[in-house]
Amino acid sequence: MWFFPDIKNILHFEGKNGPDGVKRKSPAVDEPWHFINPDDPNDTALLEMIDGHIGNLVASAANK
């Protein structure tokens, strides 16, 4: 059975608790590198991060 979060849970991960929270909590400190260098075929860090997040979302949804 799939679970879709209610508005309380969605709003919890907005702002300081969301993906941009690190920028609001401590600007320019430990911020991830958020672009892909098109001239470097080995620059896959962002794609790997996205793939990891997708895997975590699927695992979380499967456990609900």
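Might you check whether a residue that is at pLDDT below 65 and not aromatic (Phe, Trp, Tyr) occurs anywhere in segment 39-50?
no
Would you point out the residue of segment 11-38, among those that are surrounded by 10 or more Cβ atoms within 10 Å (Cβ to Cβ) and aliphatic (A, V, I, L, M), that is modelled with the highest pLDDT?
Out of the qualifying residues, it is Leu11.
The values are calculated or read from the model by the stated rules, or taken from the named source; none is laboratory data. Remember, it's a predicted structure, so these values are computed and weren't measured experimentally. Methodologically, a virtual Cβ is constructed for each residue, glycine included, from the backbone with ideal geometry; neighbour enumeration extends over all protein chains shown.
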